[in-house]
Structure formats: structure tokens, C-alpha cells
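All of the numbers you see were taken from the coordinates with simple rules; none came from a lab. Quick caveat, the model's predicted, so the values are computed rather than measured. Methodologically, a virtual Cβ is constructed for each residue, glycine included, from the backbone with ideal geometry; neighbour enumeration extends over all protein chains shown.
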Amino acid sequence: MNWGSLENFLAMGGYGLYVWGSYGVTLLCIAVELWALARRSRRAQPEQRA
Amino acid sequence: MKATTLEAHADGRGNALLRFAAPQAFFPLAGKMIPWFAALAVVFAVGGLYVSFFVAPTDFQQGESYRVIFIHVPAAWMSMFLYVVMAAWAAFGLILNTRLSGMMASAIAPTGALFTFIALWTGALWGKPTWGTWWVWDARLTSELILLFLYLGFIALTTAIDDPRRAERAGAVLAIVGVINVPIIYFSVKWWNTLHQGASVSLTKAPSMAATMLAGMFLMALAAWMYSFAAALWRVRSIILERERDALWVRERGGGA
């Protein structure tokens, strides 16, 4: 599958909004979940007493 | 003194596995597994995305819009699969009264809800160019939406009740009752034959898809699966620390007395 140029790839045959809207939101969801997991993990750690 | 067969059996392999039913024993094991699942998820995702965009050809009918399939289908599969796994853990927790089972169910729920939302979102974005609408009260779409509400209901219910054990029992009942919805989603396209197309990939007959498209979808499904393991195990470690906060082994982890 040869896209020819970056513009073609981003245009995605005219369906760019739909395809990148799907992939973008999915990436955002994964990023938000990973951030939430990291935050929860930090908060769950027992207090580090000196 | 030679251990009697009962003792021998007790110390045998079976027991070694059961040792991990204790949160304290499972905690480090989960910790060791997370990096492997995370690495596998990345490898499958990179491979899957490469195949999805640079190997799979343009669809003769849908042009490029069909490429949403490489997220939509794996997310939908995971949304159903994770619900069944969650309900299974919840049932174990209810029947065996094992603490870790309930924790696993609570650890899976958010990731399952996330995949359900992704399946609905990507479905809408794929439906707009191909069906001409973001949403329609189709049997498949409606039952998937109900799945999202079941996930959110489970999360809300288990966080609303203060006592974790009671919360898990209540959540388990909801999860188990909700399991009936998963086969409904799967067979909805056959039973009601509304807008959503039937299964291109099924266990009974050969897939009606180009090989490279299939490969891209399976790689992304494997990536989603590995990601779910990593996310659920990471979350269950936090849950274990939260629940066992005052246990000695947790306080010691913090260098506490």
C-alpha cells in the first residue's frame, strides 16, 4: 500500500476526519487510562516514612 | 519422616499455584508480568498499525474509511471478552469468598468500559461515511451501549459502597446478571438482522476478508489483549495496596515500622 505522500496519508482518501478521529480518540483514551493508572499507583503506595 | 501422601500433595504443585490466591503473594508476581505484557502490547500494536496502513489494500467499496476496522473490531471483541472475564472473577469472588477475585473484577472493569466506549466511538465514526449516520438504534449498537452502562454501573456500584467486601458482592451480582447481554451482542446481527453487518470473522466458517486485512485486525486484537493484561494487573496492584494498607507487609514496603 503506497500512499505516495504524507498529504495523501493524512487525507486518507477523503476519510481523514473519520479514520484519524477514531485513531486519535483511541490513543487519547489509552493515554488517559495510563495516566490514571500511574496516579492511582502513586496514591496507593504506603507513606514513605524516613 | 517421609511426608504422607496428603502432606506431599499439600506441598505439591497444586498448592504452589494456590499460593498466588493470596494478594500478598500475587502482588510481586503481577509486578513481574506487567512489563512483559506491556512490551508485547507495543510490539503487536506497532506491527498491527504497520499492516493496517501500509500492507492492507484499499477497499474496493469503502475506500480508506474501512481502516477504522483495525480498532473498531478489536475494541468490540475486548469489550465483550473483558466483561465475561470480569463476571467470572466476580463469580469466583462470590462463591469462593476469595479477596483477590473481587479485586481482579474491579481491576478489569475500567479497561472493559474503555474498550466499549472505543468500540462505540469508532463505530459511529465509521458509520457516518458508510451508513450516513453517527447512531441508529440497531440491535448490535444498542446492546453494546447497554454493555457500557453495565460496566459503568459495576464501577459506580462498587465504588459507592464503602465496605469493599460488600461492594464486591453487590458488583458481582450485577456483573453476573449482565453476562446475558454478551451473547445478545454477539448474535444480535443474526437474530434481528438490523443495520450492523454480520460477522466477517467467525469460529464456524472461513473469514470473508482479505488476508492482509485479517492479519492487521488480529495483530491489533492481540495488542489490545496484551494491553488489557498490563492495565488490569497494574490496577490490581494498586487495589491490593489500597485494601491491605494496614497490613504489615504493606507498611513494611513503605519503610514504616
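With the Kirkwood sum run over all distinct C-alpha pairs, chain B has a hydrodynamic radius of 20.3 Å. Among the residues of A:39-46, the average count of other protein chain beta-carbon atoms within 10 Å of the residue beta-carbon is 6. Each peptide among B:55-65, B:75-85, B:95-105 gets the average number of other Cβ atoms lying within 10 Å of its residues, and from highest to lowest they stand as B:75-85, B:95-105, B:55-65.
Under Stokes-Einstein, with the Kirkwood radius over Cα pairs standing in for Rh, what whole-number D in µm²/s applies to the protein assembly as shown at 10 °C and 1.306 mPa s? Before the final figure, lay out the partial values.
Values: Rh = 21.3 Å.
The diffusion coefficient I find is 75 µm²/s.
Note: relative contact order over the range B:34-252, using C-alpha pairs below 8 Å and six or more positions apart, is 36 percent. Using R0 = 35 Å, the C-beta based FRET efficiency linking B:Val173 and B:Tyr50 works out to 0.20. For chain B, the longest principal axis of the Cα atoms and the long axis of helix B:181-191 meet at an angle of about 20 degrees. For the range B:24-137, the Stokes-Einstein estimate of translational diffusion at 4 °C and a viscosity of 1.567 mPa s comes to 78 µm²/s, using the Kirkwood hydrodynamic radius over alpha-carbon pairs. Directionally averaged projected area (the range B:118-257, Cα convex hull): 12.0 nm².
Working from the Cα coordinates of the range B:113-171, the gyration tensor eigenvalues give, after taking √(5λ), semi-axes of 32, 10, 6 Å in decreasing order. Taking all pairs of distinct Cα atoms, average 1/r, flip it, and tell me the Kirkwood hydrodynamic radius of chain A in Å to one decimal place. Every distinct Cα pair counted, the radius reaches 13.9 Å. Among the residues of B:126-133, the average count of other protein chain beta-carbon atoms within 10 Å of the residue beta-carbon is 2.
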